[in-house]
1. Which helices, counted as full DSSP H runs in chain A, have an axial Cα extent of no less than 24 Å and a Kyte-Doolittle average of -0.5 or above?
2. Provide A:PHE184, B:PHE358 in ascending order of the number of other Cβ atoms located within 10 Å of each residue's Cβ, fewest first.
3. Return an integer: the convex hull volume of the alpha-carbon atoms of chain A, in Å³ per residue.
4. Skipping prolines and chain starts, which residues have an amide H placed within reach, meaning under 5 Å, of the one on A:SER156, given they are 5 or more residues away or on another chain?
5. Would you tally the net charge around B:ALA42, using a Cβ to Cβ cut-off of less than 14 Å, leaving B:ALA42 out, and scoring K and R as +1, D and E as -1?
6. Would you give the gap between the C-alpha center of the range B:271-338 and the C-alpha center of the range A:194-260, rounded to a whole Å?
7. If you add up the charges near A:LYS16, with Lys and Arg at +1 and Asp and Glu at -1, over every other residue whose beta carbon is less than 12 angstrom from its beta carbon, what do you get?
8. Taking chain A as a Gaussian network, Cα atoms linked when under 10 Å apart, which of A:ILE124, A:ILE326, A:ILE172 shows the biggest mean-square fluctuation?
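Values in this text are rule-based calculations from the coordinates and carry no lab data. Since we're looking at a predicted model, the values are computed, not measured. Cβ atoms come from the backbone with ideal geometry, glycine included; neighbour counts cover every protein chain shown.
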Number of protein chains: 2
Amino acid sequence: MLEQFRVNLDDAVFVKGEDLKATVAGVFEKMGVPPADALLGADVLVLADLRGVDSHGVSNMLKSYITGYQNGQINPRPNWKIIRETPSTANIDSDRGLGIIITPKAMDIAIQKAKNVGVGMVTIGNARHLGMASYHAMMAVEHDMIGVCMTSCPPSVVPTFGAEARLGTNPIAVAAPAKNEPPFVFDAATSSVAGNKVGIARRLGVKMEPGWLADEDGNPIMDEADPPEKYTLLPLGSTRELGSHKGYGLSCMVDILAGVLTGVGYGAVPGRPNFGHYVAAYSIDAFTDPDEFKEMMDEWMGMMKSTKPAPGHDRVMVAGQPEAEIEEIRREDGIPLHEEVAQWIRDTCAELSVPCHF
Amino acid sequence: MLEQFRVNLDDAVFVKGEDLKATVAGVFEKMGVPPADALLGADVLVLADLRGVDSHGVSNMLKSYITGYQNGQINPRPNWKIIRETPSTANIDSDRGLGIIITPKAMDIAIQKAKNVGVGMVTIGNARHLGMASYHAMMAVEHDMIGVCMTSCPPSVVPTFGAEARLGTNPIAVAAPAKNEPPFVFDAATSSVAGNKVGIARRLGVKMEPGWLADEDGNPIMDEADPPEKYTLLPLGSTRELGSHKGYGLSCMVDILAGVLTGVGYGAVPGRPNFGHYVAAYSIDAFTDPDEFKEMMDEWMGMMKSTKPAPGHDRVMVAGQPEAEIEEIRREDGIPLHEEVAQWIRDTCAELSVPCHF
């Protein structure tokens with residue numbers, strides 16, 4: 001995340017991860033979610049906060065989940081089931097269950113299949129938001145597996161040369177273990193910028209970088225500017241010349257694997273549930289010796305991190321490294337919440353008669 | 001491909017695909033490649049030409065393959081073998097075989113495994129160049145499967161904030177069938193631009209677009225400019241602000257799956273064979289009904305193609321559509337080769353005492 005989007009630590013309330021998790025689990029239970037599921041969902045949200053992925057943590061997501069439960073869009077006790085299955089695959093009907101709770105269960109199935117036959121791959125249709133995609137991908141790492149997670153979301157991104165949003169931010173997450181280094185964890189939207197950065201920028205009065213948005217007519221905005229009233233997001237690559245057809249194509253791949261392949265639909269289908277998910281686990285042992293793999297990952301990361309930096313930069317990082325560094329700090333110091341966010345959580349707990357643990 | 005990189009049709013020699021294929025197969029045989037392998041390799045090269053992917057066709061690749069065979073870098077009769085295997089996976093030691101010949105065989109194995117257990121995934125170490133990655137991904141389509149292909153190549157791309165090349169152009173290809181529409185075929189380097197465009201631009205005197213290259217010190221070149229003498233490629237996204245950490249992270253994913261996971265190494269390891277490949281096939285039937293999937297793909301593509309275009313553009317396309325349109329023309333009219341390329345092929349055939357079929 002760019003620096004201007006970070007919480008200002010001077011105004012922050014620091015909350016221990018465990019306290020935030022217990023609080024959020026209480027809120028989920030109040031929504032009708034069974035206790036074990038409530039704890040699991042809270043774990044997904046709070047790990048995002050611990051790793052500095054504030055965009056997918058409690059402050060940005062909990063409100064919309066509460067709204068979804070309250071208006072019936074999200075089913076607190078889904079009767080999710082496997083509707084098709086092979087030794088290495090499954091397709092799940094999630095019965096409108098919240099993705100942050102169903103997706104880890106799907107990943108458990110994928111991991112078990114990868115143990116049995118080398119690879120496990122599970123799609124989830126009729127689904128709802130899955131939070132930080134890398135949570136699910138990272139589950140594979142502790143089993144000496146490579147984890148993958150993608151999600152096809154409601155449209156906010158234009159195709160290259162297009163003037164109408166047809167694709168979600170459709171993120172891709174991949175996690176792979178190392179030996180002494182923190183795991184490789186990649187997790188990014190296939191759009192040029194995450195959707196909620198625009199709202200945050202508007203709130204903070206920060207200008208948009210060039211290449212993030214298209215204007216109302218579909219023209220890429222290539223100057224630093226205030227966000228216009230009506231806009232769409234650009235695919236990664238921003239313009240055809242810079243390679244936006246690649247971001248667009250990757251987003252299409254996500255729409256196919258996490259959307260069309262579920263049999264239920266993809267982000268842009270009107271009138272259909274518009275989240276679909278995809279998780280996969282690849283057993284490293286099915287390809288090569290896991291210890292040697294992890295040693296080579298350390299070597300590979302060391303090479304990447306020792307790259308001579310370009311002028312104006314002090315170091316080169318690898319995906320997962322900044323998040324691991326932030327997690328170490330936040331597990332010690334607590335999660336910094338905007339005072340207004342902390343107060344909103346306290347107020348929400350009071351309103352719902354749920355204990356707030358901070 | 002941008003228009004300025006296309007062959008000028010006025011100066012072109014048009015060669016039928018079958019004639020070019022027979023000619024190239026003859027050259028491969030002369031290099032010591034067994035006849036069936038020679039035909040397979042020629043098919044991979046010529047399909048790139050037929051689909052307008054000239055960067056990976058005969059004119060751009062054959063010379064380097066001949067050189068590789070002649071200097072012993074490529075083994076014409078590799079004793080390739082599976083060194084580890086599970087029901088859904090295999091890892092192949094390619095014994096320095098040319099990727100355009102070994103990779104289709106690996107994909108055959110992946111497809112068979114996907115028939116058996118739902119997913120097949122095969123890595124290839126100790127490998128050489130695999131040509132157009134989408135050739136291999138597309139093999140899955142005729143089996144009602146989704147195909148994936150990635151390759152970890154020698155370094156030419158800087159990590160975000162880096163001043164030294166650490167990653168190859170590390171392409172990702174994905175293919176998925178539709179019903180009446182041509183298949184979805186995505187195939188793109190994870191760098192901002194394909195490496196050989198720079199050489200072609202220099203030859204044609206065309207300026208580089210902003211965001212394609214970093215200068216000698218690692219600074220992204222963000223103006224339209226002549227290519228400098230020394231440069232590296234930028235990851236997709238070009239700069240941190242535009243999202244280059246995403247292109248960089250995707251390239252890392254390719255290095256891990258197609259490189260580290262082979263157990264042999266990745267693009268940037270000095271002194272090790274520096275191509276590694278990854279192919280996968282996902283049986284659609286393992287997730288959902290294939291006919292319904294293909295119908296939904298048609299619907300999805302129709303939605304994408306009917307997107308209102310942005311000003312200055314006449315239509316929105318889907319990955320695989322421009323290549324399918326070019327293939328239809330070139331199967332009819334022949335493949336346009338630069339006169340000098342056609343002459344080089346004729347001269348090479350004469351030198352090697354191989355028949356030239358055009």
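1. A:99-117
2. Fewest-to-most ranking of A:PHE184, B:PHE358: B:PHE358, A:PHE184.
3. About 147 Å³ per residue, rounded to a whole number.
4. A:ARG166, A:LEU167, A:GLY168, A:THR169
5. -3
6. 23 Å
7. -2
8. It is A:ILE326.
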